[in-house]
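Down below is the structure, laid out as structure tokens.
Please treat every number below as a calculation from the coordinates, not as lab data. This one's a predicted model, so the numbers in the text were calculated from it and none came from an experiment.
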């Protein structure tokens, strides 16, 4: 299959069908991680999450990322309750006000939260391009930096 993103994955003559890069064309700002034990593959964007800006706590539900869902929900409830006490307004009003401001924060950090949780679950970059992308975005620590 011809790769429309032009990131060097056009050669399908390797006969390496287990290589995740040969499954689907991946945009250059997406990384592929694989769990060696279960064989599960996850593909996600590295950088800003505009879906988190618009859909806030629904994004982890879309990705079946329940850990980050409950973390984000807890933060949003605490911020809503804090605003409710500070502004002396009902929680039903302040929760949604706080959610709009937290949407910007989720946009900035959600993809990093998602990848770091995957790494704790035993996922690792599936290929060198994904590894370099995750290291350059500081989602993954470079092993050679720890040895110095």
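Assorted remarks:
- Its alpha carbons considered, segment 68-117 gives a radius of gyration followed by a Dmax of 11.9, 38 Å.
- Binned Cα-Cα distance frequencies in segment 30-136 - 10 Å width, integer %: 15, 40, 27, 12, 5, 0
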